[in-house]
Structure formats: structure tokens, C-alpha cells
Amino acid sequence: MLSHECGKAGCHTLISINDKYCDAHRDYASKEYNKYRQINQHDYLKFYHSKEWKHARELQLIRQPLCEICLSNDRVTQATTVHHKIETKVDWSLRLSENNLQSVCKSCHEKIYKGRWYGGK
């Protein structure tokens, strides 16, 4: 099994190459990330709790209740998440654009952010 050190500074615990943090620091990293987002991404967080976003999300899931990525791979999966094709950080003006929204399942949404679908590493 390939391994590397935990991503927490100063921790030398060896973990699977598929993990970023050891068990002891996984929650810590999540809390730090959330704190960072609350301080530095207030507008983005506020948007995802807005009536406008909730309405746009609901309409998208009504229009396309199945995961669009799974469908393109001949699988039928219920969509649970609405993904911005162009992230709000890149173009804020597209945040509610119907053409920028994509219905996806949780699994595909996680893969998007790990870069598996859009050429990331």
C-alpha cells in the first residue's frame, strides 16, 4: 500500500495515499476549512442560503431529476445536487443562470471536485 504523511503540519503519521489527513486530524482540517470559508467566503456562503439559490436549485432538480453525468455514461441515478458548471468564484454573474446549472448525484459531484471529470489531478 502506498502511503504518505498526514497533511497536518508537524504530524508524521503515515496514511493511505488516498487520504489527506490521519484520523486524528481529519475533523480538525474540516473545522479549519469551514472557519476559513466563513471568514473569506462570506458572500458565497450567504448565496447558498439565499431564497434565490434555493429556488433555482429546486427548479433545476425538477427540470432534470437525474444525474446528467451518470446519464452520459448510460447510468440512471437520482440527482441530489446542483452543480455550477462555471464556478461562482470564476463568474459570479452566472450563479443563477439555468445554462450554468447541472443536476448531479453526490458521487459525481465529489468526483468533479476531485478533478476526475474535468481534467484535474
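Which value in nm describes the separation of the simple spin-label points at Y33 and L71, placed 7 Å from the Cα toward the beta carbon?
With each label placed 7 Å out from Cα toward Cβ, I get 2.9 nm.
What cysteines in the chain have no other cysteine with a beta carbon less than 4.7 Å from their beta carbon?
C108
Please name which of S97, C6, S107 has its Cα lying farthest along the dipole of the chain towards the positive end, using unit charges on Cβ (Lys, Arg +1; Asp, Glu -1) and the Cα centre as origin.
S97
Fewest to most neighbouring Cβ within 10 Å: what's the order for C67, C22?
Taking fewest neighbouring Cβ atoms as first place, the list is C22, C67.
Could you give me the ³J(HN,Hα) list for the range 49-54, computed from phi with Karplus coefficients 6.51, -1.76, 1.60 and θ = phi - 60°, whole Hz, x at Gly and Pro?
Residue by residue, the range 49-54 yields 9, 7, 4, 4, 5, 4 Hz.
List the relative contact order of the range 52-121 as a percent without decimals, with contacts defined as Cα pairs under 8 Å and 6+ residues apart.
32 percent
If neighbour count is taken as other Cβ atoms inside 10 Å, put K111, K31 in order from fewest to most.
K31, K111
So what are the chain's ellipsoid semi-axes, whole angstrom, largest first, if each one is the square root of 5 times an eigenvalue of the alpha-carbon gyration tensor?
Working through the eigenvalues yields semi-axes of 31, 20, 12 Å.
Order of D19, D43 from fewest to most other C-beta atoms within 10 Å?
By the 10 Å Cβ count, ascending, the order reads D43, D19.
Which angle from 0 to 90°, rounded to the nearest 10, does the C-alpha axis of helix 23-40 make with the longest principal axis of the chain?
50 degrees
Considering only Cα-Cα distances, which of the following residue pairs are longer than 24 Å: K89/K114; K51/K85; K35/K89; K8/K85?
K8/K85
Length gain on complete extension for the stretch D91 to E52, per 0.36 nm per residue less the alpha carbon to alpha carbon distance?
12.4 nm
FYI, it's all coordinate maths here, none of it is from the lab. In this text, all values refer to a predicted model and were calculated from it rather than measured experimentally. FYI the Cβ positions are ideal-geometry reconstructions off the backbone, even for glycines, and counts take in every protein chain you see.
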